Amino acid sequence: MSPLISGLASVASLLFNAASGSSAKSAASRRSQDAAEVQPSAVVTLSPQAEALAGFASKGILAPQGKLDGALGAMPRGGAVSTQDFKELLTRFGADDAQKEQITAGFDANQDGSISHEEFLQGLASTSMARQGTAELSQAVLQVMDQGGNADGVVSQKEFAALATAFARAERRVGAA
């Protein structure tokens, strides 16, 4: 096994184990938040595990959650997702109209009316704290990820991967059509 694949497998195992250990705590947290109306945080950050996923994205690796018939980073690139479909995807995560416009414009780097696999990865990578030049876009994406989860001001690995998974599924639908 090559050192790169071995390293990726180790990181994936570490992330899985970290997420598994916090599931009971996050379930209790969700129950308490369900009791009160949750407002999204003004400034959202990435958990260390989500930061690692953003790092994968910056290296061209999409890390979805669950099983999608492919190994980590070996997602088939089914094609670009139209900006209309991308906005519908963002709607499912609770994005408002302004967020949908901002995120779609930020991810559609070549302004061709669609979000390619590479453009999506670049957009995810922009959420990393190491990429400070895209603070407004980064915060919009992080807020949508957090709204789609527990809205606690920190994007978890699961919340980060949920958006990646939704995009990968939309990408697969386009590729299958």
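Just so you know, all these numbers are worked out from the coordinates, no wet-lab data involved. This structure is a prediction, so every number in the text was calculated from the model and none was measured. Methodologically, a virtual Cβ is constructed for each residue, glycine included, from the backbone with ideal geometry; neighbour enumeration extends over all protein chains shown.
Tabulated data for the structure shown
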| item | result |
| --- | --- |
| Proximal aspartates and glutamates relative to LYS59, as straight alpha-carbon distance under 14 Å, when same-chain residues fewer than 8 apart are discounted | GLU51, GLU118, GLU119 |
| Residue-span extension gain [VAL174 to GLN84] - 0.36 nm each, minus C-alpha spacing | 31.1 nm |
| Protection proxy ranking, peptides 139-151, 46-58, average beta carbon neighbours within 10 Å, highest first | 139-151, 46-58 |
| Fewest-first ranking of SER116, SER138, using other Cβ atoms within 10 Å as the exposure measure | SER116, SER138 |
| Packing-based exposure ordering (other Cβ within 10 Å, fewest first) of ILE103, ILE61, ILE115 | ILE61, ILE103, ILE115 |
| Extension gain (nm, one decimal) between GLU136 and GLU101, 0.36 nm per residue minus Cα-Cα | 11.3 nm |
| Spin-label model distance (nm) - THR45 vs THR91, 7 Å beyond Cα toward Cβ | 3.5 nm |
| Amide hydrogen neighbours beyond the local backbone of ILE115, cut-off 5 Å, H modeled | VAL81, SER82, THR83 |
